[in-house]
Amino acid sequence: MDKDIKFLLEKLKDKKYLVVLTGAGVSAESGIPTFRGTDGLWKEFKSEELATPQAFSQNPELVWKWYEHRREIIKKAEPNPAHLAVARLEELFPEFMLITQNIDNLHRKAGNKKIVELHGNIFRYRCSNDGRIFTNLPESDEIPPRCECGGYIRPDVVWFGESLPEDALNVAFQSSSSCDVMFVVGTSALVQPAASLPALAKRNGSFLVEINLEPTPISSIVDKSFFAKAGEILPEIVTKLCDTMSS
Ligand code: OAD
């Protein structure tokens with residue numbers, strides 16, 4: 001592994017613009033189940049079956065309760081060493097962008113500021129009828145609660161079959177096509193359009209690094225893979241990067 005990190009540090013020399021793309025694997029070591037792993041109480045449901053507008057219109061209470069369950073897990077979670085290492089990377093590179101598919105807020109909690117949340121945020125809500133955004137929920141005995149207009153309030157996250165927020169997507173495409181290096185951490189690289197960002201970066205000359213427990217569909221195009229836990233390898237890379245920068 002030392003040899004691999006040394007190789008990476010050589011490649012990072014003189015690189016100015018780092019983009020980090022993260023998925024659920026980066027939060028796994030904080031105790032948040034990944035999407036394609038198994039999820040205790042809710043394991044009989046697949047996320048693809050609950051995280052859809054159709055599921056919400058057919059059974060809003062079920063979908064609401066699934067998100068409440070996830071929100072409870074996330075509230076108890078703290079950033080892990082992988083999040084902290086990504087926050088440190090933002091300080092080390094003159095230009096930086098973090099593109100995350102995660103809705104758990106842990107990158108912000110770890111200290112990152114330049115963040116694009118491609119799939120929304122579980123602590124924000126939106127009226128499914130008039131689109132009004134809520135950071136606090138109105139008092140209500142109903143599940144889900146309703147907006148003044150009568151529409152059900154839903155989590156402000158992206159569901160399967162829905163478009164991504166346009167501004168976030170624009171920043172993601174723009175930064176991916178102009179960065180010098182992209183780290184792709186803890187994503188199965190199966191869900192579009194996030195999964196296409198590494199290829200976009202590569203086409204524009206970026207050096208691609210993947211950190212994952214196992215190979216993914218993008219492994220064949222990356223320049224360097226680390227098959228390891230993000231919470232172990234990222235801090236090691238960052239510590240060694242700091243050492244080379246200060247020497
Ligand atoms: P997935 O659950 O699909 O993939 C998690 C990835 O993290 C897998 O490739 C694991 O091998 C890897 N992994 C797990 N633990 C890890 C660790 N400790 N260190 C490094 N890697 C680890 O999650 P995403 O790729 O984020 O979308 O899923 C993408 C999107 O699909 C999600 O944002 C969500 C989901 O449906 C929406 O809800 C719209």
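Below are the figures for this structure:
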{"item": "Close pairs (7 angstrom Cβ cut-off, 6 or more residues apart or separate chains): closer than 18 Å to Phe7 by Cα and part of a strand (DSSP E or B) in the range 185-212, among the charged types (D, E, K, R) and within 16 Å of the ligand (Cβ to nearest atom) anywhere", "result": "Val209/Lys224"}
{"item": "The range 104-117 residues that are within 18 Å of Ala194 (Cβ to Cβ), paired with ones that are among the aromatic types (Phe, Trp, Tyr) (beta carbon under 7 Å, 6 or more apart)", "result": "Asn105/Phe123; Lys114/Phe96"}
{"item": "Of residues in the range 93-138 being away from the ligand (no atom under 16 Å from the Cβ), open to solvent by less than 30 Å² (accessible area, probe 1.4 Å) and among the hydrophobic types (A, V, I, L, M, F, W, C), the one farthest from Glu61 (Cα to Cα)", "result": "Phe93"}
{"item": "Top-ranked residue of the range 139-193 - restricted to ones that are touching a Phe, Trp or Tyr at 6+ places or on another chain (Cβ under 9 Å) and small (Gly, Ala, Ser), ranked as nearest to the ligand (Cβ to nearest atom)", "result": "Ser188"}
{"item": "One residue from Leu169, Leu241 being open to solvent by 30 Å² or more (accessible area, probe 1.4 Å), among the hydrophobic types (A, V, I, L, M, F, W, C), assigned to a helix (DSSP H, G or I) and not assigned by TED's automatic domain parsing to the domain that holds Ser57", "result": "Leu169"}
{"item": "Among the candidates Ser247, Ser206, residue that is buried (at least 17 other Cβ atoms within 10 Å of the Cβ) and small (Gly, Ala, Ser)", "result": "Ser206"}
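A quick yes/no check of all residues on (1) part of a loop (DSSP other than H, G, I, E, B); (2) within 28 Å of Ser196 (Cβ to Cβ); (3) open to solvent by less than 50 Å² (accessible area, probe 1.4 Å):
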| site | (1), (2), (3) |
| --- | --- |
| Leu18 | no, yes, yes |
| Glu49 | no, yes, no |
| Phe56 | no, yes, yes |
| Trp64 | no, no, yes |
| Lys75 | no, no, no |
| Ala82 | no, yes, yes |
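The values are calculated or read from the model by the stated rules, or taken from the named source; none is laboratory data. Here the structure is a predicted model, which is why all the values come from computation and not from measurement. Ideal geometry is used to build each Cβ from the backbone, glycine not excepted, and the neighbour counts take in all protein chains shown. Quick note on the areas: whole protein, heavy atoms, side chains included, nothing else; ligands and nucleic acids left out. Shrake-Rupley method; radii C 1.70, N 1.55, O 1.52, S 1.80 Å.
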